[in-house]
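Beneath this line is the structure, given in structure tokens, with notes to follow.
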Amino acid sequence: MRVVETGAELREVLLEYAGLAGRRVLVPTMGALHHGHLELVRLAREAAGPGGTVIVSIFVNPIQFDRSADLEAYPRPLESDLEKCLAAGVDVVFLPDRQSMYFPDRSTTVTESLLSSGLCGATRPGHFDGVCTVVLKLFLLSGCHAAVFGEKDFQQLAIIRRMVRDLDVPVEIIECPTVRESDGLAMSSRNVRLTSKQRADAPRIRRVLAAAAGLRDVEEILASARSGIEASPLARIDYLSLVDAETLQPVTRLERPAVLAAAVFYDEVRLIDHVGVAPL
Ligand code: PAF
């Protein structure tokens with residue numbers, strides 16, 4: 001496994017793999033790798049084929065954080081991340097630092113302006129500009145044929161698909177289903193920051209959303225999910241929304257497939273989850 005730190009180094013190392021059969025598949029991450037990420041790597045390996053190249057990028061992208069406390073507290077267990085990549089059969093780990101990714105006078109940003117208007121986009125201003133900008137840079141630096149993203153961040157996935165479509169980016173987007181702990185909590189690098197009481201409470205998010213998704217009236221769905229989450233004194237709702245599965249705009253009637261999505265704070269730790277809601 002090769003570990004490289006700058007875009008120039010990455011290009012040079014990838015030249016060594018250029019003659020091999022199979023595809024070059026990227027797994028963009030911010031590190032603190034858990035089983036969910038390893039599932040992304042497994043899908044990448046499959047998509048790359050026997051002679052293909054799997055690249056994992058680990059970069060805590062500063063321009064997608066709206067709260068500096070969140071950026072600073074983001075876990076960075078580099079040594080164990082590298083061990084996990086090695087064990088998972090990753091070929092190249094790309095570990096850039098902020099200076100090598102962004103010019104101090106950077107003035108170009110990629111903005112998606114419809115799907116990013118609500119949900120995490122509304123409560124985290126600039127977040128998806130930061131995601132789109134870094135993801136496009138990672139695509140260009142790696143020259144990947146395909147890239148794998150988790151379905152847990154369904155808004156991020158929809159925005160990246162839209163960016164790829166709108167800008168004719170020649171990268172196939174592969175979706176990986178959400179990986180959950182045995183009690184239903186979606187795996188996230190932020191889970192390790194929960195206290196034991198918060199960790200025991202957090203599976204309620206999934207439970208409450210799944211129960212509400214079985215109701216048939218938009219107002220009732222939202223009221224049931226809200227009261228279920230607010231029943232916990234530890235949890236504070238950042239947003240709770242029922243949106244169209246394709247446009248991500250809020251719905252008032254269940255006429256098309258929809259998604260019930262929530263972001264919930266446990267103190268400073270913000271967790272997200274969602275469930276699909278079938279039309280009437
Ligand atoms: O999902 C993430 O971890 C990040 O948003 C990503 C896609 C690696 C971009 O920084």
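The values are calculated or read from the model by the stated rules, or taken from the named source; none is laboratory data. Everything numeric in this text was worked out from a predicted model, so none of it was measured. A quick note on method: Cβ atoms are made from the backbone with ideal geometry, for glycine too, and the neighbour counts reach across all protein chains shown.
In region 114-164, how many are in contact with a Cys (Cβ under 9 Å, 6 or more places away or on another chain), small (Gly, Ala, Ser) and assigned to a strand (DSSP E or B)?
1
Based on this model, can you work out whether Val218 counts as crowded, with 20+ Cβ neighbours inside 10 Å and either among the β-branched types (Val, Ile, Thr) or farther than 21 Å from Arg124 by Cα (or both)?
Details: crowded, with 20+ Cβ neighbours inside 10 Å: no; either among the β-branched types (Val, Ile, Thr) or farther than 21 Å from Arg124 by Cα (or both): yes.
It is false that Val218 is crowded, with 20+ Cβ neighbours inside 10 Å and either among the β-branched types (Val, Ile, Thr) or farther than 21 Å from Arg124 by Cα (or both).
Just give me the residues in region 1-45 being under 15 Å from Glu151 (Cα atoms), surrounded by fewer than 16 Cβ atoms within 10 Å (Cβ to Cβ) and among the aliphatic types (A, V, I, L, M), in sequence order.
Answer for region 1-45, where residues must be under 15 Å from Glu151 (Cα atoms), surrounded by fewer than 16 Cβ atoms within 10 Å (Cβ to Cβ) and among the aliphatic types (A, V, I, L, M): there is none.
Just for region 112-138: of the residues that are closer than 30 Å to Gly51 by Cβ and buried (at least 21 other Cβ atoms within 10 Å of the Cβ), which one is farthest from the chain's Cα centre (by Cα)? Break it down into steps so the answer makes sense when it comes.
Taking region 112-138 first, the residues closer than 30 Å to Gly51 by Cβ are 134-138.
Subsequent filtering for residues that are buried (at least 21 other Cβ atoms within 10 Å of the Cβ) retains 134-135, 138.
Details: Val134: 13, Val135: 11, Leu138: 15 Å.
Top of the filtered list is Leu138.
So Ser227 ticks every box in (1) touching a strand residue (DSSP E or B) at 6+ places or on another chain (Cβ under 8 Å); (2) farther than 21 Å from Tyr74 by Cβ but one. Which box is left unticked?
Answer for Ser227: the failing condition is (1).
Would you be able to say whether some residue in region 149-159 is in contact with a Lys or Arg (Cβ under 8 Å, 6 or more places away or on another chain) and either touching a residue at least 60 places away in the same chain (Cβ under 8 Å) or more than 13 Å from the ligand (Cβ to nearest atom) (or both)?
No, region 149-159 has no match at all.
Please find, among Thr252, Thr247, the residue that is within 22 Å of Arg124 (Cα to Cα) and either among the small types (Gly, Ala, Ser) or not in a strand (DSSP E or B) (or both). So that I can check it myself, show each step before the final result.
Details: Thr252 fails: within 22 Å of Arg124 (Cα to Cα).
Result: Thr247 is the single residue among Thr252, Thr247 that is within 22 Å of Arg124 (Cα to Cα) and either among the small types (Gly, Ala, Ser) or not in a strand (DSSP E or B) (or both).
For region 165-177, does any single residue satisfy the condition of being buried (at least 17 other Cβ atoms within 10 Å of the Cβ), more than 10 Å from the ligand (Cβ to nearest atom) and not hydrophobic (A, V, I, L, M, F, W, C)?
No, because not a single residue in region 165-177 is buried (at least 17 other Cβ atoms within 10 Å of the Cβ), more than 10 Å from the ligand (Cβ to nearest atom) and not hydrophobic (A, V, I, L, M, F, W, C).
With (1) more than 13 Å from the ligand (Cβ to nearest atom); (2) polar (S, T, N, Q); (3) surrounded by 14 or more Cβ atoms within 10 Å (Cβ to Cβ) as the list, and Ser142 as the residue in question, which single condition is left unmet?
Exception for Ser142: condition (1).
Quick one: which strands (runs of 3 or more DSSP E) sit completely within region 1-82 and have at least 3 residues that are modelled with pLDDT of 95 or more, of a type outside the set (Gly, Ala, Ser) and within 22 Å of the chain's Cα centre (by Cα)? Before the answer, list the steps.
Working: elements: 2-4, 24-29, 53-58.
The qualifying strands (runs of 3 or more DSSP E) are 24-29, 53-58.
Within region 86-109, can one find any residue that is in a helix (DSSP H, G or I), within 21 Å of Val135 (Cβ to Cβ) and among the small types (Gly, Ala, Ser)?
Taking region 86-109 first, the residues in a helix (DSSP H, G or I) are 86-87, 98-101.
Now narrow it down to the ones that are within 21 Å of Val135 (Cβ to Cβ): 98-101.
Now drop any that are not among the small types (Gly, Ala, Ser), which leaves 100.
Looking for residues that are in a helix (DSSP H, G or I), within 21 Å of Val135 (Cβ to Cβ) and among the small types (Gly, Ala, Ser), one finds at least one in region 86-109, hence yes.
Restricted to region 78-90, and to residues that are under 25 Å from Leu136 (Cα atoms) and loosely packed, with under 15 Cβ neighbours inside 10 Å, which residue is nearest to the ligand (Cβ to nearest atom)?
For region 78-90, the residue satisfying everything is Leu78.
Of everything in region 8-66, what is within 15 Å of the ligand (Cβ to nearest atom), out of contact with any strand residue (DSSP E or B) (no Cβ under 7 Å at 6 or more places or on another chain) and of a type outside the set (A, V, I, L, M)? Give them in sequence order.
Passing the criteria: His34, His35, Phe59, Asn61, Pro62, Gln64, Phe65, Asp66.
Within 24 Å of His34 (Cβ to Cβ), crowded, with 19+ Cβ neighbours inside 10 Å and in contact (Cβ under 8 Å) with a residue 60 or more places away in the chain, is that true of Leu209?
On the way: within 24 Å of His34 (Cβ to Cβ): yes; crowded, with 19+ Cβ neighbours inside 10 Å: yes; in contact (Cβ under 8 Å) with a residue 60 or more places away in the chain: yes.
In short, yes.
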